[in-house]
Structure formats: C-alpha cells, structure tokens
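Participant: The structure follows.
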Amino acid sequence: MKIRLSLICLAAVAPAIAMANIIPIGTGIAGTGPYVWTYNVDLSQDQNAVSGPVSPTFSVPHEDTSYGSMFTIYDFDGYVDGTCTSPTGWQCSAQNVGYTPDDVVPTDNPGIINLTWFYTTGPVLSGNPNGLDLGNFSAQSIYNTITTVSYAARGVKNSGSQIGSIGDNVGETQGPSGTPIPEPGSLALASLGLLGLGLLRRRKGA
C-alpha cells in the first residue's frame, strides 16, 4: 500500500527571523507494516543549508552559527529503531526530547520519539533563486494512522539585511499515530447509543 498525502504546513516564525526555511512539503506512506513514512523536504529560496556538527544540547541556540542546519519531526509514534534514512550528508537521530531551535515552540510529547536530521557534511546547499529539493527523508513506524505533528527547522538566511543569520521555523506536517481515528459510522453509532442512554435515564426519572 502506498498513500501520497499533501502537506499541512503552518510555518510560524519568530519576529525578525527569516521566513520558513526547511519544509516537509509532502508525506508518503508505503508498505503493509511496518510502514515507511517518506517526507519530501524543500529548502526555501531565501535560505541555505550549511553543514556542521550536531548541537551538544537539545535546545539549539539560534545565535550560534557553528552547528549544522537541521529539522525535527516530533512525536513519530511507533518508530522502528534504526530505520531512519536520509540523503548523503545528513545524519539522523531518534530521541524522546527533540532537537529544537531555542526560539520556536513546537508541540512535543516527551513520551513519543522525535526524529532529527542534521546536515553534518557537504557543501553549502542554496535555495537561491527558486528553492531547492533536498530529497527524501524516511523512517518506519508500526502505525499508518495519520495525525498532525509539529516540525521545526534551522537554516541560514542567504539574502537581504539578515544574510548569514540563523532562520528558525516551526510548523505542522503529518505523522503516525497509535490512536485509531473512529470511522464516521462508528461515531454515528456511538452518538445513537448516547442518545438512547439519555432517553432511558429520562424515563427512569419521570
């Protein structure tokens, strides 16, 4: 089974920081379990991705330009250990507390694995002039139920008065969930059941 989903992206950016930079633009789900979740990721035209070391702390300081560009997808439920993949030059890690730029606030459940990809080796990747497709980043989950999760990212401004400064962004994309979403028919039956229970209580109280 393979499903192609459109992005749910609401890029919220801190004041005086460049607009959205590294963005998961679509999600694909393949397999019959475990399921391969693939994120196609774009670099905005006004941003660069620069290589560098992984931050030693989960809270990544936005004023420190020495660390590599990165993005995190939060609450990747049902993650299958060791299945995180990425294009050449990117390093993936999985942890319950996600690497997060310190000037954005994603939604993060500390009980669910987060996936972070750091750009650790390679040349500067420039989004100028029309944006750049960074490729496909994937991981496996035991779940294929779709929910909305946060992502956060870190790039470097490549133009304008803020050239060379860090640009952090936060938004929403799709991720797996271990909580099944009830079918519309099930919801309707549940509603009828509650209605019947309410009528029965009224009769008893009459």
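The values are calculated or read from the model by the stated rules, or taken from the named source; none is laboratory data. As the structure is a computational prediction, the values presented were derived from the model and not from experiment. Neighbour counts run over all protein chains shown; Cβ positions are idealised from the backbone, glycine included.
Participant: Only residues that are touching a residue at least 40 places away in the same chain (Cβ under 8 Å) and either polar (S, T, N, Q) or surrounded by 21 or more Cβ atoms within 10 Å (Cβ to Cβ) (or both): list them for the stretch 88-102, please.
Facilitator: Answer for the stretch 88-102, where residues must be touching a residue at least 40 places away in the same chain (Cβ under 8 Å) and either polar (S, T, N, Q) or surrounded by 21 or more Cβ atoms within 10 Å (Cβ to Cβ) (or both): Trp90, Gly98, Tyr99, Thr100, Pro101.
Participant: I'm trying to understand the selection: among the residues of the stretch 63-85, which are loosely packed, with under 15 Cβ neighbours inside 10 Å and under 19 Å from Asn169 (Cα atoms)?
Facilitator: The answer is Glu63, Asp64, Thr65, Ser66.
Participant: What residue, of Val50, Val60, Val54, is modelled with pLDDT of 90 or more, surrounded by fewer than 20 Cβ atoms within 10 Å (Cβ to Cβ) and farther than 17 Å from Asn136 by Cα? Please lay out each step first, then the result.
Facilitator: Details: Val50 fails: surrounded by fewer than 20 Cβ atoms within 10 Å (Cβ to Cβ); Val60 fails: surrounded by fewer than 20 Cβ atoms within 10 Å (Cβ to Cβ).
It is Val54.
Residues checked against (1) among the polar types (S, T, N, Q); (2) part of a strand (DSSP E or B):
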site	(1), (2)
Phe118	no, yes
Gly122	no, no
Gly135	no, yes
Arg154	no, yes
Ser161	yes, no
Gly175	no, yes
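Participant: Given the structure, is Val80 under 27 Å from Gly164 (Cβ atoms), of a type in the set (A, V, I, L, M) and at pLDDT 95 or above?
Facilitator: On the way: under 27 Å from Gly164 (Cβ atoms): no; of a type in the set (A, V, I, L, M): yes; at pLDDT 95 or above: yes.
The answer is no for Val80.
Participant: Take the residues of the stretch 115-147 that are closer than 13 Å to Leu43 by Cα, among the hydrophobic types (A, V, I, L, M, F, W, C) and surrounded by 14 or more Cβ atoms within 10 Å (Cβ to Cβ): which is farthest from the chain's Cα centre (by Cα)?
Facilitator: The selected residue is Leu125.
Participant: What about Asp168, is it touching a Lys or Arg at 6+ places or on another chain (Cβ under 8 Å) and of a type outside the set (Val, Ile, Thr)?
Facilitator: Values: touching a Lys or Arg at 6+ places or on another chain (Cβ under 8 Å): yes; of a type outside the set (Val, Ile, Thr): yes.
So Asp168 fits the description; yes.
Participant: Can you spot a residue in the stretch 148-168 that is without any contact (Cβ under 8 Å) to a residue 12 or more places away in the chain and touching a strand residue (DSSP E or B) at 6+ places or on another chain (Cβ under 8 Å)? Before the answer, list the steps.
Facilitator: In the first step, residues of the stretch 148-168 are kept if they are without any contact (Cβ under 8 Å) to a residue 12 or more places away in the chain; the result is 161, 163.
Remaining after also requiring touching a strand residue (DSSP E or B) at 6+ places or on another chain (Cβ under 8 Å): 163.
Yes, the conditions are met somewhere in the stretch 148-168.
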